[in-house]
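The values are calculated or read from the model by the stated rules, or taken from the named source; none is laboratory data. Here the structure is a predicted model, which means the values were calculated and not measured. Glycine gets a Cβ as well: all are built from the backbone with ideal geometry, and neighbour counts include every protein chain shown. Quick note on the areas: whole protein, heavy atoms, side chains included, nothing else; ligands and nucleic acids left out. Shrake-Rupley method; radii C 1.70, N 1.55, O 1.52, S 1.80 Å.
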Amino acid sequence: MTDLAAWVERTFDHAPQDLPTWERALTHASRGDAHYERLEFLGDRVLGLSMAEWLFDTFPDEPEGALSKRLNALVTGAVCADIARAIGVPAHLRLGKQARDDGASDSDNILGDVIEALLGALYREGGLDPARAAVRRLWADRIHAGSAAPQHPKSALQEWAAANNRKPPVYEVVDRSGPGHAPRFTVKAAIPKLAESEAQGSSKQEAETAAAEALLREVRVAPAKKTRKK
């Protein structure tokens, strides 16, 4: 048995039937035409369904909105990337030389995509049951991480603005740098005529989320600062 086959069986409790499928799930587009993107497309849906079903069963008294918040928090690119690192995906990534030199093996974007591609490969070979079991095993320490459903920073900022009679927050990409496979976005989040914050991320969505979180911290402490000055 090859190292990859042993790793797949150990990690996903599934003996790979077609090793090239798993190799493809670990191959970045910089390596050639046979890369992970189609399997990622499939695995994204497998993860979403498996997680939604799990949350539905685990939190029977929560409404749809709270379940959606939990789902969104658990399947972000950053969380998927952390899962990928925890199970040793970087050691098995297949990257082109330039991507490897640029540090793509530690890119949240790529690692998050690959964990979804691996779930896609598992679903193709074994169907939903082993994929569901893998999701529940790999995310087991996270599903009960908080007693209340977490709120996405962009939603929280939107609600803060509405509650304080402010215009809705706006987001602007102010810079994009880095190679195509490992981009860095700088996004400015602003509540017009009040405050603004900038943050970076490996995707526009990640940068917007970080900027919203930073701006939310700023506007929440602003009233306290004003009170101390009086």
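3J(HN,Hα) along region 199-204, derived from phi through the Karplus expression 6.51 cos²θ - 1.76 cosθ + 1.60 where θ = phi - 60°, amounts to 7, 10, x, 7, 8, 4 Hz, with x in place of Gly and Pro.
The gain in end-to-end length when the Glu218 to Arg176 segment is fully stretched comes to 12.7 nm, 0.36 nm per residue minus the alpha carbon separation. Dividing the Cα radius of gyration of the chain by 2.2 N^0.38 Å, with N the residue count, gives 1.16. Of Arg70, Arg136, Arg166, the residue with the greatest mean-square motion in the GNM of the chain, using alpha carbon springs below 10 Å, is Arg166.
All alpha carbon pair distances within region 95-216 were sorted into 5 Å bins beginning at 0; the resulting P(r) in whole percents reads 2, 10, 14, 14, 14, 15, 14, 10, 5, 2, 0. Treating the angle as unsigned and between 0 and 90°, give the value, to the nearest 10°, between the Cα long axis of helix 108-126 and the longest Cα principal axis of the chain. Its long axis makes an angle of about 40 degrees.
Remark: region 105-175 carries 51 Å² of accessible area per residue (probe radius 1.4 Å; ligands, DNA and RNA excluded). Computed from the Cα positions only, the extents of region 1-107 along the three principal axes stand at 49, 31, 23 Å, in decreasing order.
Need one word for region 38-167: rounded, prolate or oblate. Basis is the Cα gyration tensor (sqrt eigenvalues a ≥ b ≥ c); a/c below 1.5 gives rounded, then a/b vs b/c decides. Oblate, since a/c reaches 1.5 and b/c is not below a/b.
Around the Cα centre of the chain, unit charges on the Cβ atoms of Lys, Arg, Asp and Glu (plus for the first two, minus for the last two) sum to a dipole of about 1400 debye. What a 1.4 Å probe finds exposed on the chain is 48% carbon and sulfur by accessible area, rounded to a whole percent. If you take the Cα centroid of region 1-48 and the Cα centroid of region 158-213, the two points sit 33 Å apart.
Here the calculated FRET efficiency for Gln158 and Glu53, from their Cβ-Cβ distance with R0 = 41 Å, stands at 0.90, rounded to the nearest 0.05. The simple Förster model, with R0 at 45 Å and r as the Cβ-Cβ distance, assigns Arg45 and Leu194 a FRET efficiency of 0.70. From helices alone, the chain scores -18500 deg cm²/dmol at 222 nm; the rule is -39500 (n - 2.57) for each run of n ≥ 4 DSSP H residues, then divide by the residue total. Would you list the P(r) distribution for region 86-147, with all Cα-Cα distances sorted into 10 Å bins from 0 and each bin expressed as a whole %? It works out to 19, 42, 29, 10, 0, in whole percents.
Lys69 sits with roughly 80 Å² accessible to a 1.4 Å probe, with DNA, RNA and ligands left out of the calculation. On C-alpha positions alone, give me the angle between the axis of helix 77-86 and the longest principal axis of the chain, in degrees, nearest 10. Compared with the principal axis, the helix lies near 40 degrees.
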